[in-house]
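Colleague: Sharing a structure with you now.
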Amino acid sequence: MTVCPKCHTVHGDEHRFCQRCGNPLVPEENVPPNYCSNCGTPYFPGQHFCTECGQRIKGTAESRPPRRPAVQDDLFYQPRPSRSRSQPTLTKKGFPKWTVGLVGLIIVAGAYFLWPQISNRTPMVASPGTPVVSSPPVGRIDTLQREVERLAEKIRSAHMNKDMNLFISCYSPSYPDLGKLERETYETWKNFDFRTVSYNISNIRQFGPRHATADLVWNFQLYNNQTKAYELHRAVVNVTLEEIGGIWKIRESKDMGYS
């Protein structure tokens, strides 16, 4: 520790001159001891009052230079000058003007890059000879769904009750080999009893005002009259439907799988 012998300001060992009065500094042990004139208690450099009686140490007030304003009282560090930052100019709505300009730039850039793609789009036109499948309204699809379910329920009831008239009424008169279908159904009913019949309808699509297609998955639990055993079978059929007199009937059918 170093001490100024003139103003008794205490400094660190790295300083050589007093930061208050500029006088050369000396080690603390080289400063002769001083004693309070009132009580004789020794005091150390830098003290202004006696620690025993509170007497002001003589010469300290005169030896110290006039006190600087509180803003400049720091001996070792000077306050950094304040930098005033210019505030961005705000629009009436409180947003900086550069934000509005940036948004406008993004809009212009988006219009520049997207407009050629939009203008170059050509309407989808079916090539000559390609059949156009119209998409019926949602209400029409719901009605068609109910009609197909009603048709499948009639076929299920015909199998359960072995009602050939009801079964044949589910098919269009133009169905190919309708007589063969009738004979094969009679043969099936002769050898099997239908215990349970369930179905699932999917992929209903309408083309034209009176035609549609659908996929039907049938699940049968049969009792074999010859083997006296129960059997489970599953059949997947794709059907083409035709509306005749307000009633949907099967015009064609294609077996997609049987097990």
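Colleague: Taking the inverse of the average 1/r across all pairs of different Cα atoms in segment 145-259, what Kirkwood radius in Å do you get?
Modeller: 14.7
Colleague: Under the Karplus relation 6.51 cos²θ - 1.76 cosθ + 1.60, θ = phi - 60°, what is the ordered set of whole-Hz ³J(HN,Hα) values for segment 233-241, x standing for Gly and Pro?
Modeller: 9, 9, 10, 10, 10, 9, 10, 9, 9
Colleague: Once you place label points 7 Å from the Cα toward the Cβ at residue 26 and residue 221, how far apart are they in nm?
Modeller: Inter-label distance under the simple model: 11.8 nm.
Colleague: Then there is this: Residues with amide H under 5 Å of residue 25's amide H, sequence separation 5 or more or different chain, H placed in the peptide plane at 1.01 Å from N; which?
Modeller: Result for residue 25 returns 17, 18.
Just so you know, all these numbers are worked out from the coordinates, no wet-lab data involved. Being a predicted model, the structure only gives us computed values, none of them experimental. Using ideal geometry, Cβ is built from the backbone for each residue, glycine included, and neighbour counts are taken over all protein chains shown.
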